[in-house]
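Undergrad: Submitted below is the structure of interest, expressed as structure tokens.
The values are calculated or read from the model by the stated rules, or taken from the named source; none is laboratory data. What you see is a predicted model; the values in this text were computed from it and never measured. For neighbour counting, all protein chains shown are included, and Cβ atoms are generated from backbone atoms with ideal geometry for every residue, glycine included. In case anyone asks, the SASA skips ligands and DNA or RNA and just uses the protein heavy atoms, side chains included. Shrake-Rupley method; radii C 1.70, N 1.55, O 1.52, S 1.80 Å.
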4 protein chains.
Amino acid sequence: MNQSTFGTRFTVSTWGESHGPALGVVIDGCPAGLDLCEGDIQAYLDRRKPGQSRFTTARKEEDRAEILSGVFEGKTTGTPISILIRNKDHRSADYGNLAAAYRPGHADFTFDRKFGLRDYRGGGRSSARETAARVAAGAVAAKLLSQIGVQLQAYTKAIGPVWVKNPDPAQITLNPLYMPDAEAAARAQSFLDECIAAGDSSGGVIECRITGMPTGLGEPVFGKLDACLAQAMMSIGAVKAVEIGDGIAVAGMKGSEDNDAFFAIQEPEQPDSPDQEPLIVKTSNHAGGIMGGISDGSDIILRAYIKPTPSISIPQQTATREGKNIELQIKGRHDPVIVPRAVVVVEAMAALVLADALLMNMTSRMDYIRQIYG
Amino acid sequence: MNQSTFGTRFTVSTWGESHGPALGVVIDGCPAGLDLCEGDIQAYLDRRKPGQSRFTTARKEEDRAEILSGVFEGKTTGTPISILIRNKDHRSADYGNLAAAYRPGHADFTFDRKFGLRDYRGGGRSSARETAARVAAGAVAAKLLSQIGVQLQAYTKAIGPVWVKNPDPAQITLNPLYMPDAEAAARAQSFLDECIAAGDSSGGVIECRITGMPTGLGEPVFGKLDACLAQAMMSIGAVKAVEIGDGIAVAGMKGSEDNDAFFAIQEPEQPDSPDQEPLIVKTSNHAGGIMGGISDGSDIILRAYIKPTPSISIPQQTATREGKNIELQIKGRHDPVIVPRAVVVVEAMAALVLADALLMNMTSRMDYIRQIYG
Amino acid sequence: MNQSTFGTRFTVSTWGESHGPALGVVIDGCPAGLDLCEGDIQAYLDRRKPGQSRFTTARKEEDRAEILSGVFEGKTTGTPISILIRNKDHRSADYGNLAAAYRPGHADFTFDRKFGLRDYRGGGRSSARETAARVAAGAVAAKLLSQIGVQLQAYTKAIGPVWVKNPDPAQITLNPLYMPDAEAAARAQSFLDECIAAGDSSGGVIECRITGMPTGLGEPVFGKLDACLAQAMMSIGAVKAVEIGDGIAVAGMKGSEDNDAFFAIQEPEQPDSPDQEPLIVKTSNHAGGIMGGISDGSDIILRAYIKPTPSISIPQQTATREGKNIELQIKGRHDPVIVPRAVVVVEAMAALVLADALLMNMTSRMDYIRQIYG
Amino acid sequence: MNQSTFGTRFTVSTWGESHGPALGVVIDGCPAGLDLCEGDIQAYLDRRKPGQSRFTTARKEEDRAEILSGVFEGKTTGTPISILIRNKDHRSADYGNLAAAYRPGHADFTFDRKFGLRDYRGGGRSSARETAARVAAGAVAAKLLSQIGVQLQAYTKAIGPVWVKNPDPAQITLNPLYMPDAEAAARAQSFLDECIAAGDSSGGVIECRITGMPTGLGEPVFGKLDACLAQAMMSIGAVKAVEIGDGIAVAGMKGSEDNDAFFAIQEPEQPDSPDQEPLIVKTSNHAGGIMGGISDGSDIILRAYIKPTPSISIPQQTATREGKNIELQIKGRHDPVIVPRAVVVVEAMAALVLADALLMNMTSRMDYIRQIYG
């Protein structure tokens, strides 16, 4: 699978640069007959739109989604869905002085070394603006998942030193940081104001919880559901660590602490019936909803650790393409923290993984085959 | 890509169950002309062989690798390399009583729900024994990488509460825990002895360092080198978290702390020559050798967090396939910690990712095309 | 997808050389719960076994299939099925004198130029012996297809100048050429005896008919069912042309001759019911059962054109690896015609394509999704 | 790989319906540093543009290619190239009466049965208009191939009963049928005029010749170069048969006739030097430039057999979606023959296959690896 395509059956191919005329995505493999309109996509895109608070870049982008194919009379047709987002506010002139300098913490140097040249305007393909296409695709995946009751919710778990202990979902959209805790959000905003004042930036953590999961999603060995989620999260530019369930904490746990016990809700009335699948749940969820790479029906819980915005105003030592050592001062306003706008990106990527796993799993059993073709 | 195949150009397809007659791997896409013999593979397999200390299962397996294709007169031919490992000590009788019970922390329940049936002998396909095939394949990848100077070294970073602060590579093979610190290894062994006595188990952390990296490996967007490494690591059964470079710590850092400065070793003699690529390094390595998903030439550093062995002697509450709630006591000896035997698995999986990235990158530039076909 | 893997959801990865210790295949993605035993595979392998008549090579191979994984208590488990076939009669010494000479009509020259070296024993990976692994995999695919009533039957349509006009399926297994016409088979045998006497060989044609097809298999655009069948057929070493339905004849036809009319068997009782899918058939089948790349429910008919065996006794002009021009005389007995043993290979490859299309199609509609997950 | 994506390393994902707002393609994996502009693409698109003679549909489409990403300052950047083509003249009203009727020879019926619904305007995704996106992508592939001297040329080999015996490339663009023979072209036009007068249509044959081929392209077993070409050709809607080299004729040939002899142009000066690769050619080319699925350096020759346009004015028996039997008369003007406009589609698809094979082959040998990374 090439660089810009993700998924095996629900595949998305994204394209576009920060300062090109447009960016977009082609979704191939979405089942026919799903109700879909541009509004479904716009609702997701609006959550990552810049310029909505003092903590995001001032770049003005409407991020208007245009569906160019694959939908007819309000329903998907089973053929590729092409979504286009025009770039409006791309003042390339601002970036001219960055053509030669390798910005610390950015992909300028590695793109140059890999490709021998690069589109230096706003980071080109390595710009976070690329994630708009992922979000558009994720909106379609989430719509598909909602049809069988799967719901995803991501939120800010931490910004710098400020962590949310007891997330209250009702709070998420009430503050510009998408933090499920009003008090923590207030402290985080103060902290970010300090960062801005110092010309610096902050990292943070995003958590995503997925409810309504059927059992059986995820493929053994390399296509494990958690492995695909890890790839999906780490493919978001600024993510440097990924956890599933108890995550890093398991390293310090004992088996007796980490194991989740199974519990049969009710013993079957006809214990000898081969067709009766008893309702079995776990009494805890250290595993984060995935065992052996396959969903166990519990909520899936994952966390992505986001590095601080590399574009800071503080002057930095760096080198140019030609090998000169210089001091670089990055001008213009930049997001002091990536986290709030990345919340919906995390949710979108998780949705892409799950939609793909949902389709993949449909061929796992002969009785499914017989159900469809019988 | 289906469940048991990994990679795009250097692809490996593994197969086999814990208690079947054999397991193995088919490697497709390995370049022709690489010196390769069974000894290259055996050296890796011997590192995960059971029964080497009191901290690993007593199962006796020679894990003898047999190359069945793809090598002729000591060199790879460019065609698929098939490697077979016979299972010797598979006493299925021991597992008969586990056919119906869902072991906590194992994939019994999810395999049953996904496939409608399962090979319950020793966990079948979900057994850690499956990783032997990965290690065999990883040995070939590592041999390929060594030809251009890339070296991988994994070791135990932590077991339970015992962490290694300053790894000393010379120590790794001097203790059965593969810990690069004699004193920490001693403490960890005491801790594990306590776990064994209590019928319990411990988690831990594995770190991998990759040196001699060329720049340019990794594909933008979804095929980022760190994204592929994250998938590779999380696809190892017991891994619940993955970090690259500073990992989770970046969430608490400021941009000014996390950014790695670039430094040009020497200014070019002929600054106007377009062909001259100056030597540029980073003065720190918070990024762990990967920027924008592409290798930057620094060492790659990653960590995988391993959960405690789920098979413990302490009686546990669970349910059976038929929906009965029971108390389960798992008999027989099991590894009290997964970490030491997983060290080489982490290294093997990292090697598979890098070998694939190495091949993928060969088509990134027109000048490479002209070099080969010119 | 790499060189030796075929399929997207029902994937097969073959490996092995003509004179290596063994060859085999890994099947990934076969649904769990399919009854499968080695006998199912052996029945297919026996159809391509050498040494069964004077028209096939005298090489003695039992071609005994061994299932090493993926089957438990007589049923597939949903995990990779590894099948191993040991090579018995591989007298490498016979081929020593061919190490340097490029046999006309063979892949010796191209393998050498592609890989820089080659396993010259019996053609190595380019030997027709490689197809044994395809046949083993095809047997599994055919077993899967039979569960929903799809049946495949290939036979010899022509050998040299002798064509079968009206195939009688009952005749196929009554002659060593698998020709569905006793009289044509007799003439073809006489023709082949002449070829043998002259130290020469003959080409021929294989036809395959697939019955019991559901509608809807095949994916639009690049994954068309006929496109996948064409790739599958042309991937068999000696095939130089592929036809679907009327094939090459369509070039000389008019639209009014080539179009197949649709006919509704009965008008619906409740014409306004959206759920009622009327039974519609075609009154002719010029299309060969595929329209727009998707199965239309009619029989699928395809033909593969097979070149004459390149190994002939007549002395031939050729060059050596070192650039010497020589006259080459190939010794030993070779099949005077490839067709009879390739009949089951054609059938196997068609089965692989259909099994994959069957699984792929299961995610084409939201109502299928709801049927499985509802 | 999903339905609308083609290729492994040079991958193209097409999208768009006949009467949607636009159609297009995303090319992923094109090496960085290739000179590319919209003019390169337009030159190809202009060759399939409708409305250029009385033998093509009167639909007016400018087919203007817009590059939206992946090109910077006139060079490819190594990131996805998105190309957009707006639909201008899509008078959907014309098709309203076809919403319910299944046109004979079209994909209306099979799309309905596969997806449960379809975009019936002009055939939606199954329209030949879809091939515009392939042609745009093929133009980029052809540009890449031209950098190493590979040239492709397709032309009309036959229309109905009129065949070209001795193609004269200079004639190809001098007649609207792209026939390399003025006299044959004149006869073919008379024949087509008769077809038009009768409300009928004609089939034909397209031949493609590829020169300047390096040896070594194509992967053994399933990824054979001819297998990929066969898939590519058969994926074009109207193609029903594909031949490589002597194609169907090989079935009637003897080994002594079909085998191509090798000839070393000059014996090496230093026969013992391992690095010296002598110049070896074939003295005939029955194989069509591919042996064992790998290019042998000779010209590649292939033919695609095209069915007659299914849309004819003659009334036809068919059924409706609701199961009514009706007589259908298709109105409006349609191409009386598909061949002339498909010539560039055949060339484009061949270019896509070769570009992919070119990139795939770069990892076949250790000495290539060392050349790039050494």
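Undergrad: Using a cut-off of 11 Å between beta-carbons, work out the net charge of the residues near C:Gly70 (Lys and Arg +1, Asp and Glu -1, C:Gly70 not included).
TA: Numbers: positive: B:Arg125, C:Lys75; negative: B:Glu17, B:Asp119, C:Asp28.
Combined, the nearby Lys, Arg, Asp and Glu give -1.
Undergrad: Scan chain A and hand back the longest stretch that contains none of the GluC sites (Glu not before Pro) lying in DSSP loops with at most 10 other Cβ atoms within 10 Å.
TA: Details: sites that count: A:Glu73, A:Glu269.
Answer - A:74-268.
Undergrad: Rounded if a/c is under 1.5, else prolate if a/b is larger than b/c, else oblate: which is segment C:209-350, with a ≥ b ≥ c the root eigenvalues of its Cα gyration tensor? Write out the running numbers ahead of the final one.
TA: Details: a/c = 3.36, a/b = 3.06, b/c = 1.10.
Prolate shape, in that a/c is at least 1.5 and a/b is the bigger ratio.
Undergrad: Right, something else. Can you tell which of D:Ser311, D:Ser201, D:Ser235 shows the greatest fluctuation in a Gaussian network model of chain D with Cα springs below 10 Å?
TA: Comparing D:Ser311, D:Ser201, D:Ser235 in a Gaussian network model of chain D, the most mobile one is D:Ser235.
Undergrad: Here's something else I'd like to know. Tell me the angle of helix D:38-48 to the major Cα principal axis of chain D, expressed in degrees between 0 and 90 and rounded to the nearest ten.
TA: 60
Undergrad: About the Cα centre, and with charges only on the beta carbon of Lys, Arg (+1) and Asp, Glu (-1), how big is the dipole of the protein assembly as shown? Nearest 20 debye, please.
TA: Details: 152 positive and 176 negative charges, 0 e Å.
Value, rounded to 20: 0 debye.
Undergrad: Now for a separate question. Within the accessible area of chain A, what % is carbon and sulfur when the probe is 1.4 Å and the other protein chains stay in place?
TA: Details: 5680 of 11450 Å².
Result for chain A: 50 percent of the exposed heavy-atom area is carbon or sulfur.
Undergrad: Also: Scan chain B and report its longest stretch carrying no trypsin sites (Lys or Arg not before Pro) that are both in a DSSP loop and have at most 15 other Cβ atoms within 10 Å. Don't skip to the end; give the middle numbers.
TA: Details: sites that count: B:Arg54, B:Lys60, B:Arg64, B:Lys88, B:Arg91, B:Lys165, B:Lys324, B:Lys331, B:Arg333.
The reported range is B:166-323.
Undergrad: With everything on Cα atoms, drop me the angle between helix A:225-234 and the longest principal axis of chain A, reported from 0 to 90° to the nearest 10.
TA: 10
Undergrad: What residues in segment D:296-317 lose 40 Å² or more of accessible surface when the other protein chains are added to their chain alone (1.4 Å probe)?
TA: Going by heavy-atom accessible area, the residues of segment D:296-317 that drop by at least 40 Å² are D:Tyr305, D:Pro308, D:Gln317.
Undergrad: Determine the shielding of peptide D:125-136 by partner chains: average, over its residues, the number of Cβ atoms on other chains within 10 angstrom of each Cβ.
TA: Working: counts 10, 8, 1, 0, 0, 3, 1, 0, 1, 2, 0, 0.
The mean count of partner-chain Cβ atoms within 10 Å per residue comes to 2.
Undergrad: Let me ask something else about it. Separation between the B:Ala170 and B:Ala182 pseudo-spin-labels, each 7 Å from Cα along Cα→Cβ, expressed in nm?
TA: 1.0
Undergrad: Count, for each residue of A:199-205, the Cβ atoms from other chains sitting within 10 Å of its Cβ, then give me the mean as a whole number.
TA: Working: counts 2, 4, 7, 6, 11, 3, 4.
What the average comes to for A:199-205 is 5.
Undergrad: On the first, second and third principal axes, largest extent first, how far apart are the outermost C-alpha atoms of segment B:203-257 in Å?
TA: 33, 27, 24
Undergrad: Another one. Around B:Ala22, which amide H atoms from residues at least 5 apart in sequence, or from another chain, sit under 5 Å from its own amide H, with H modelled in the peptide plane?
TA: Those qualifying (amide H under 5 Å, at least 5 residues apart or on another chain) are B:Glu17, B:Asn87.
Undergrad: Connecting C-alpha atoms closer than 10 Å in a GNM of chain A, tell me which of A:Val150, A:Val242, A:Val250 has the biggest fluctuation.
TA: A:Val250
Undergrad: Cut-off 10 angstrom, C-alpha nodes, Gaussian network model of chain A. Which of A:Asn87, A:Asn325, A:Asn361 fluctuates the most?
TA: Highest fluctuation among the options: A:Asn325.
Undergrad: Which FRET efficiency value, to the nearest 0.05, is calculated for D:Thr283 and B:Glu38 with the Förster distance at 45 angstrom and r the Cβ-Cβ distance? List each step's numbers first, then the result.
TA: On the way: r = 43 Å, r/R0 = 0.96.
With a Förster radius of 45 Å, E is 0.55.
Undergrad: Sticking with this structure for a sec: Could you report chain D's accessible area per residue, 1.4 Å probe, as an integer in Å²?
TA: 31
Undergrad: Quick one: dipole size for segment B:216-322, taken about the Cα centre, charges +1 on Lys/Arg Cβ and -1 on Asp/Glu Cβ, in debye to the nearest 20.
TA: Details: 7 positive and 15 negative charges, 208 e Å.
So the dipole magnitude of segment B:216-322 works out to roughly 1000 debye.
Undergrad: Can you give me the Cα centroid spacing of segment A:166-197 and segment C:119-159 in angstrom?
TA: Here the two parts' Cα centres lie 63 Å apart.
Undergrad: ³J(HN,Hα) across segment C:318-325 via Karplus (A = 6.51, B = -1.76, C = 1.60, θ = phi - 60°), whole Hz, x for Gly/Pro?
TA: Going residue by residue, I get 7, 10, 9, 3, 8, x, 8, 8 Hz, with x marking Gly and Pro.
Undergrad: Next question. Give, as a single signed number, the net charge of other residues whose beta carbon lies under 10 Å from the beta carbon of A:Ala249, with Lys and Arg counted +1 and Asp and Glu -1.
TA: That works out to -2.
Undergrad: Still on this structure: Using protein chains only and a probe of 1.4 angstrom, how many square angstrom of D:Val337 are accessible, to the nearest 10?
TA: For D:Val337, solvent-accessible area is about 0 Å².
Undergrad: With an 8 Å Cα cut-off and a minimum separation of 6 or more residues, compute the relative contact order for chain B in percent.
TA: 21
Undergrad: Could you work out the helix-only [θ] at 222 nm for the protein assembly as shown, with each DSSP H run of four or more residues adding -39,500 (n - 2.57) and the total divided by the number of residues, to the nearest 500 deg cm²/dmol? Don't skip to the answer; put the middle values down first.
TA: On the way: 32 runs with 380 residues, N = 1496.
It comes out at -8000 deg cm²/dmol, rounded to the nearest 500.
Undergrad: Here is a further query. To one decimal in nm, how far is C:Gln52 from the same spot in the other copies, if labels go 7 Å from Cα toward Cβ? Please give the shortest first.
TA: 4.9, 5.2, 6.8
Undergrad: Separate question: Take the alpha carbon gyration tensor of segment D:1-75, find the square roots of its eigenvalues, order them as a ≥ b ≥ c, and report rounded if a/c is under 1.5; if not, report prolate when a/b exceeds b/c, else oblate.
TA: Working: a/c = 2.30, a/b = 1.46, b/c = 1.58.
Since a/c reaches 1.5 but b/c is at least a/b, the shape of segment D:1-75 is classed as oblate.
Undergrad: Please work out the FRET efficiency for the pair B:Ser53 and C:Lys88, using the Cβ-Cβ distance as r and a Förster radius of 56 Å; give the result to the nearest 0.05. Mind dumping the intermediate values first?
TA: Numbers: r = 42 Å, r/R0 = 0.75.
Here the calculated transfer efficiency is 0.85.
Undergrad: Can you flag which of C:Lys75/D:Lys224; A:Lys224/B:Lys254; C:Lys157/D:Lys240; B:Lys49/C:Lys114 are past 30 Å Cα-Cα? Please report the intermediate quantities before stating the final value.
TA: Details: C:Lys75/D:Lys224 34 Å; A:Lys224/B:Lys254 34 Å; C:Lys157/D:Lys240 18 Å; B:Lys49/C:Lys114 38 Å.
Violating the 30 Å Cα-Cα cut-off are C:Lys75/D:Lys224; A:Lys224/B:Lys254; B:Lys49/C:Lys114.
Undergrad: Total accessible area buried between chains D and A, 1.4 Å probe, in Å² to the nearest 100? Please list the in-between numbers first.
TA: Values: alone 18690 and 18730 Å², together 34160 Å².
So the total buried area for this chain pair works out to about 3300 Å².
Undergrad: Mind putting a number on the dipole of chain D about its Cα centre? Charges go on the C-beta only, +1 for Lys and Arg and -1 for Asp and Glu, and I need it in Debye to the nearest 20. Mind showing how you got there, number by number?
TA: Values: 38 positive and 44 negative charges, 355 e Å.
Its charge dipole is roughly 1700 debye.
Undergrad: Taking amide hydrogens as modeled 1.01 Å from N in the peptide plane, which residues meet the under 5 Å criterion relative to B:Ala154, leaving out close sequence neighbours?
TA: B:Arg209
Undergrad: Now, a different point. Averaged over peptide C:98-106, how many Cβ atoms belonging to another chain are found within 10 Å of each residue's Cβ?
TA: Working: counts 0, 0, 0, 1, 7, 2, 13, 10, 3.
Across the residues of C:98-106, the mean count of other-chain Cβ atoms within 10 Å is 4.
Undergrad: Here's something else I'd like to know. Residue by residue through segment D:124-133, which ³J(HN,Hα) values in whole Hz follow from phi under the Karplus form 6.51 cos²θ - 1.76 cosθ + 1.60 (θ = phi - 60°), with glycine and proline marked x?
TA: x, 6, 8, 5, 5, 4, 3, 5, 4, 5
Undergrad: Projecting each Cα onto the charge dipole of segment C:279-339 (Lys/Arg +1, Asp/Glu -1 at the beta carbon, about the Cα centre), which of C:Leu279, C:Ala319, C:His334 comes out farthest on the positive side?
TA: Selected residue: C:Ala319.
Undergrad: A further question on this structure: Would you work out if the protein assembly as shown is rounded, prolate or oblate? Take a ≥ b ≥ c from the square roots of the eigenvalues of the alpha-carbon gyration tensor; rounded if a/c is under 1.5, else prolate when a/b is larger than b/c, oblate otherwise.
TA: Verdict is rounded for the protein assembly as shown.
Undergrad: To continue, here is another question. Quick one: what are the phi-derived ³J(HN,Hα) couplings along segment A:195-201, Karplus 6.51/-1.76/1.60 with θ = phi - 60°, whole Hz, x for glycine and proline?
TA: Coupling constants for segment A:195-201: 4, 4, 4, 8, x, 10, 9 Hz.
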